[in-house]
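Each value in this text was obtained by applying a stated rule to the coordinates, not by laboratory testing. Treat the numbers as computed from the prediction; the structure is a model and nothing was measured. Reconstructed Cβ throughout: ideal geometry from the backbone, glycine too, with neighbour counts over all protein chains shown.
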């Protein structure tokens, strides 16, 4: 029988499997950011251990950085201290760091791929659960905690237990106006927040193959929202085209690299432990209504009525969510006003996301009741968007055009919701307080976010393009 | 990591599902560069509410959290584990856990006990009725025991995790014993060293 992509990646990176101990996997790329690393570097110092492979380690500052103009200093002293700690640690241990203001700086899951550091067939870890993003390149990529960050810094390996495999197949093509974010929201709704626990998910099928790399990254990014540590998409010509001429790609060897990359796919007859099939032709623009990312509804739909839920626990969860969100059952989603629109995050801040939002934004102006932010994922994305004139489209329409970073996705920097504010956000988590204390988050696609900004309530692009 | 053979103490029921790590420790706490002092931030948004279960006098000093399903989903922040342990919890019981949270817990010696949803519900009722009843999570025998109620239930844990908890192993020290295998791997596999643009 053939092997799945996951099994191939596992076997290729197996260092040793001692009896009675977990298997040891080699890590090809370790991405580091300021939030989950300081205590790991302290551990190294305490035990007088060096970083084993600084040449396989890449750091950037993203979670804490303000998105104000670079001339504005970091005001929050604890954020400043954490950013300084990353500077000092990278200098002491010889790790490349793209700090605030560096031309390569950006959200860790945006810069890895755009620099070509992320490549097919690799193992990639980072102290961040959205590391699953890099699985879009046929690489095994997953988030780790700070103890594991220290482990990888010291040994370039991780003890791992083998995951189960799940295939999620999207058959057929999505209807016009439906994109990667809608697909992944549908997947998370179908699997639930715990459905992927213990699994590595491989996404496949016509609707996945048709996606750009940006779209595939959006899909793999939210694997963790269904509980799976890693998501995978097999390599094809779209993958290879994306990597061409990226800074870390040796173009003198590109053909042989590409030939080896093409092997990172599941065999035709590979067996998965679990399979899920979703008919892509039935999908439509989606958004979340509650406080976990599986609470998804069509934008055409209404706020669900918990009293119709048969499972008592689900009903209690839904009631709690609606109270927090300040919503009434059966309200049409399109009638709900928003206060803030956030376009950004490791889910949706790449050039294609900004193009999709700009195409809508140029048809009108941001409603007077709305604050709308566009936060490019990296300086490279920002520069590309500016070269295409997207910044002017956003600014002319009344959006704020900001410096790169994680920003309002998790509100560790000054970009936060105030209590009770409702946001339409292209990020990945609608947890209570995620974007600011008592803030209310609805997850949706960049195009829907832009339409919502113009209308001042949840809206789809056709409402402004018509 | 300190060895842990058993966790004893009173329990507290958290009757909420999908308690993600953002709820366990909100992101404003993540700016700290220390590993200690996170107990104060544990469930900080909910603890402002006087009726929150951890604010009840009868549950002060609880050592075992009996939580709803899908506990510890979301963000990889190990700060969630540090916060639970700093507050005083030594074991978490639920019907399911986030994968990264479970992994992080095992690195710190926070004991993760998975029981069926029905047994979790039974245990929640017990600790709500009798907040002072002592519970025992025994890592050696792999049982949860409430002697006062004659309630004893086995739980599963893989042998490696169990041994690591009982022995208090230092994971990095263990791996470094495999240094020659790591060197051998590096000699026989193509390097992915970042090129000069990125170094």
Quiz item: So what is the relative contact order of chain A, in percent, for Cα pairs below 8 Å that sit 6 or more residues apart?
Solution: 17
Quiz item: For the stretch A:422-466 and the stretch A:211-229, what is the separation of their Cα centres, given in Å?
Solution: 19
Quiz item: Separation of the stretch A:362-408 and the stretch A:280-345 by C-alpha centroid, Å?
Solution: 27
Quiz item: Say R0 is 25 Å: what FRET efficiency, to the nearest 0.05, do residue A:237 and residue B:190 get from their beta-carbon distance?
Solution: 0.65
Quiz item: Given that compact globular proteins tend to follow 2.2 N^0.38 Å, what is the ratio of the alpha-carbon Rg of the stretch A:8-65 to that value?
Solution: 1.41
Quiz prompt | Volume of the Cα convex hull of the stretch A:148-188, divided per residue and given in Å³ | solution = 135
Quiz item: Taking the Cβ-Cβ separation of residue A:396 and residue A:324 as r and a Förster radius of 30 Å, what is the calculated FRET efficiency to the nearest 0.05?
Solution: 0.25
Quiz prompt | Estimated translational D of the stretch A:63-104 in µm²/s (Stokes, Kirkwood radius over Cα pairs; 37 °C; 0.692 mPa s) | solution = 296
Quiz item: When B:116, B:17 are ordered from fewest to most other Cβ atoms inside 10 Å of their Cβ, what list results?
Solution: B:116, B:17
Quiz item: If you average 1/r over all unlike Cα pairs in the stretch B:111-175 and invert the result, what Kirkwood radius do you get in angstrom?
Solution: 13.3
Self-check item: C-alpha center-to-center spacing [the stretch A:103-121, the stretch B:82-133] in angstrom
Solution: 37
Self-check item: nm² value of the averaged projected area, convex hull over the Cα atoms of the stretch A:315-377
Solution: 5.9
Quiz prompt | Exercise: per-residue mean of other protein chain Cβ atoms within 10 Å, B:181-193 | solution = 5
Quiz prompt | Over the protein assembly as shown, equivalent-ellipsoid semi-axes from the Cα gyration tensor in Å | solution = 35, 32, 24
Quiz item: Relative contact order (percent) for the stretch A:251-375, with alpha-carbon contacts under 8 angstrom and 6 or more residues of separation?
Solution: 18
Quiz item: Working from the pairwise distances between different alpha carbons, so that the mean of 1/r is found and then inverted, what is the stretch A:108-254's Kirkwood radius in Å?
Solution: 15.6
Quiz item: Between residue B:199 and residue A:17, what is the spin-label point distance in nm, taking each point 7 Å from the Cα along the Cα→C-beta axis?
Solution: 3.3
Quiz item: In µm²/s, what is D for the stretch A:35-98 at 37 °C and 0.692 mPa s, where D = kT/(6 pi eta Rh) by Stokes-Einstein and Rh is the Kirkwood radius from Cα pairs?
Solution: 257
Self-check item: Helix B:117-129 axis, angle to chain B major axis (alpha carbon atoms, nearest 10°)
Solution: 50
Quiz item: When the Kirkwood radius is taken over all Cα pairs of the stretch A:170-265, what Stokes-Einstein diffusion coefficient follows at 25 °C and 0.890 mPa s, in µm²/s?
Solution: 170
Quiz item: Ratio of the stretch A:193-332's C-alpha Rg to 2.2 N^0.38 Å, to two decimals?
Solution: 1.37
Self-check item: At R0 = 30 Å, FRET efficiency that the Cβ-Cβ distance of residue A:45 and residue B:3 yields, to 0.05
Solution: 0.80
Quiz item: Can you give the three extents of the C-alpha atoms in the stretch B:42-187 along their principal axes, from longest to shortest, in whole Å?
Solution: 61, 36, 23
Practice problem: Could you work out the equivalent-ellipsoid semi-axes for the stretch A:162-223, taking the square root of 5 times each eigenvalue of the Cα gyration tensor, largest first, in whole Å? | Solution: 20, 12, 10
Quiz item: Taking neighbour counts of Cβ atoms within 10 Å as a proxy for exposure, in what order, fewest first, do A:8, A:382, A:328, A:181 appear?
Solution: A:328, A:8, A:382, A:181
Exercise. Would you compute, from DSSP H runs of 4+ residues alone, the mean residue ellipticity of the protein assembly as shown at 222 nm, taking -39500 (n - 2.57) per run and dividing by the full residue count, rounded to the nearest 500?
Key: -9000 deg cm²/dmol
Exercise. Compute the semi-axes of the equivalent ellipsoid of the stretch B:57-118, taking the square root of 5 times each eigenvalue of the Cα gyration tensor, and list them largest first in whole Å.
Key: 17, 15, 9
Practice problem: Report the relative contact order of the stretch A:380-466, percent, no decimals, based on alpha-carbon pairs under 8 angstrom and at least 6 residues apart. | Solution: 18
Self-check item: Cα gyration tensor shape for the stretch A:346-412, rounded if a/c is under 1.5, else prolate or oblate
Solution: oblate
Quiz prompt | Of all DSSP beta bridges in the stretch A:1-119, antiparallel share, percent nearest 5 | solution = 25
Quiz item: Using the Cα atoms as the points, what is the convex hull volume per residue of the stretch A:284-411 in Å³?
Solution: 120
Self-check item: Proxy reagent accessibility, fewest Cβ within 10 Å first, across A:178, A:302, B:120
Solution: A:302, A:178, B:120
Quiz item: Going by average Cβ neighbours within 10 Å, how do the peptides A:68-81, A:424-437, A:155-168 rank, with the highest at the top?
Solution: A:424-437, A:155-168, A:68-81
Quiz item: Taking the convex hull of the alpha carbon atoms in the stretch A:87-173, what volume per residue do you get, in Å³?
Solution: 136
Self-check item: Rg/Rh ratio calculated on Cα atoms of the stretch A:408-463 (Kirkwood radius)
Solution: 0.99
Quiz item: Given springs between every Cα pair under 10 Å in a Gaussian network model of chain B, which of B:161, B:73, B:188 has the largest fluctuation?
Solution: B:188
